[in-house]
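Participant: Have a look at this one before I ask anything.
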Amino acid sequence: MTTETLPVLETGWEPDTPVEDTLLRRGVLALAATWEATAQVGDGRTHRDRRFGAADLGRPKGIFNSSILLQPIRDGVAGATVDRIERFYDGHGAGAALLWSPWPTPDLTDRGWQLQGHPPLLYRPAGLPVERRLPEGLTVAEVTTAAELAEWCTVAVDAFPLNEVDPPGGLFDPAVLDDERFRFIVGRVGGHPVAVGCQVIVGSANVLLLSTVRSDHRGRGYYAALVADRLARAPQLPSVTIVSDDSRPALVGRFGFLPVTRFTLWERPRPGPP
């Protein structure tokens, strides 16, 4: 009698699964690399294993104290995975932690996590044409100095708004301007900054990050102008972003982004010292 060895069935989420296996895998790994890049340039901590990736600046930094699941968590290991995420953040500074999951998760409210919503992940294939329209009165320029970066950060924090960023002008450290993965742009009207955007080139993807317009200047095409600028800077790469439902129609209808999935987003205030 012989015993046959059953073949290992590919799930799409093993560590050696190719990045291009699915659009979702491309997007998840690009976002994981983005959170890691923000921590690295800000002298923070990172962690990556087969279940999740995490980044921590150790201080209030809004979305940059983020973890992301890298494979679905089964009921039998969900608690252990969340335990490890919580241990990564607890006792290492201040600022709430975020948990991004591209799959439904168990209810984490009993553990102190607060549900923040289900933002959509969008993906745009490489090589698509980019239509650029610059609205009248808007100028778009790249951020090159520490003073301009502080201005950029203040607009981003105020316009989203981003919670728990201290100080508002310190969302990014000036060292990020020397990191070739990052590029920041600002839109001005009459010399005043009214819109900002960032892009991060990681893992052979163009990640559009922190795109926003001040509330009193919305509906004039400024958001789309900053999206087009960043797409045109990396036409050879696929683009990935997570946006609100308000921004989604322009990205899908005008720029050819494909809706991939909705994330489940949790936030947990970091416990203070005992």
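The values are calculated or read from the model by the stated rules, or taken from the named source; none is laboratory data. Note that the structure is a prediction, hence the values are computed from the model and not measured. FYI the Cβ positions are ideal-geometry reconstructions off the backbone, even for glycines, and counts take in every protein chain you see.
Participant: Within region 236-260, which residues are surrounded by 15 or more Cβ atoms within 10 Å (Cβ to Cβ), over 18 Å from Pro104 (Cα atoms) and either polar (S, T, N, Q) or touching a Gly at 6+ places or on another chain (Cβ under 7 Å) (or both)?
Facilitator: Ser239, Val240, Thr241, Ser247
Participant: So, in region 199-219, of the ones that are touching a residue at least 40 places away in the same chain (Cβ under 8 Å) and touching a Phe, Trp or Tyr at 6+ places or on another chain (Cβ under 8 Å), which residue ends up farthest from Gly27 (Cα to Cα)?
Facilitator: Checked region 199-219; the qualifying residue farthest from Gly27 (Cα to Cα) is Val213.
Participant: List the pairs whose first member sits in region 181-196 and is in contact (Cβ under 8 Å) with a residue 24 or more places away in the chain and over 14 Å from Ser211 (Cβ atoms), whose second member is small (Gly, Ala, Ser) and not in a loop (DSSP other than H, G, I, E, B), and whose Cβ atoms are under 7 Å apart, counting only residues at least 6 apart or on separate chains?
Facilitator: Correct list of pairs: Arg181/Ala37.
Participant: List the number of the failed condition for Phe52; all other conditions in (1) surrounded by fewer than 22 Cβ atoms within 10 Å (Cβ to Cβ); (2) under 19 Å from Trp113 (Cα atoms) hold.
Facilitator: (1)
Participant: Looking at (1) in the same structural domain as Pro60 (by TED's automatic domain parsing); (2) touching a residue at least 60 places away in the same chain (Cβ under 8 Å); (3) touching a strand residue (DSSP E or B) at 6+ places or on another chain (Cβ under 6 Å), can you tell me which one Phe88 breaks?
Facilitator: Only one criterion in (1) in the same structural domain as Pro60 (by TED's automatic domain parsing); (2) touching a residue at least 60 places away in the same chain (Cβ under 8 Å); (3) touching a strand residue (DSSP E or B) at 6+ places or on another chain (Cβ under 6 Å) is unmet by Phe88, namely (2).
Participant: For region 97-129, which residues satisfy the criterion of being surrounded by 17 or more Cβ atoms within 10 Å (Cβ to Cβ) and in a loop (DSSP other than H, G, I, E, B)?
Facilitator: Passing the criteria: Pro102, Thr105, Leu108, Trp113, Pro119.
Participant: Of everything in region 97-146, what is more than 23 Å from Leu258 (Cβ to Cβ) and of a type in the set (D, E, K, R)? Give them in sequence order.
Facilitator: Asp107, Asp110, Arg111, Glu136, Glu142, listed by residue number.
Participant: How many residues, within region 261-274, are crowded, with 19+ Cβ neighbours inside 10 Å and over 20 Å from Val165 (Cα atoms)?
Facilitator: Of the residues in that region, 2 qualify.
This table checks each residue for (1) surrounded by fewer than 18 Cβ atoms within 10 Å (Cβ to Cβ); (2) under 22 Å from Arg59 (Cα atoms); (3) assigned by TED's automatic domain parsing to the domain that holds Arg233; (4) under 22 Å from the mean Cα position of the chain (by Cα).
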{"position": "Asn163", "(1), (2), (3), (4)": "yes, yes, yes, yes"}
{"position": "Pro167", "(1), (2), (3), (4)": "yes, yes, yes, yes"}
{"position": "Gly170", "(1), (2), (3), (4)": "no, yes, yes, yes"}
{"position": "Val176", "(1), (2), (3), (4)": "no, yes, yes, yes"}
{"position": "Val186", "(1), (2), (3), (4)": "no, no, yes, yes"}
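Participant: Mind listing whichever residues of region 70-96 are under 19 Å from the mean Cα position of the chain (by Cα), assigned to a loop (DSSP other than H, G, I, E, B) and over 22 Å from Pro15 (Cα atoms)?
Facilitator: Gly95, Ala96
Participant: A further question follows. Just to be sure I understand, how many residues within region 233-274 are assigned to a strand (DSSP E or B) and free of Cβ contacts under 8 Å to residues at least 60 places away in the same chain?
Facilitator: Total meeting the criteria: 0.
Participant: Kindly list the number of the only condition in (1) in contact (Cβ under 8 Å) with a residue 12 or more places away in the chain; (2) outside any strand (DSSP E or B) that fails for Ser67.
Facilitator: (2)
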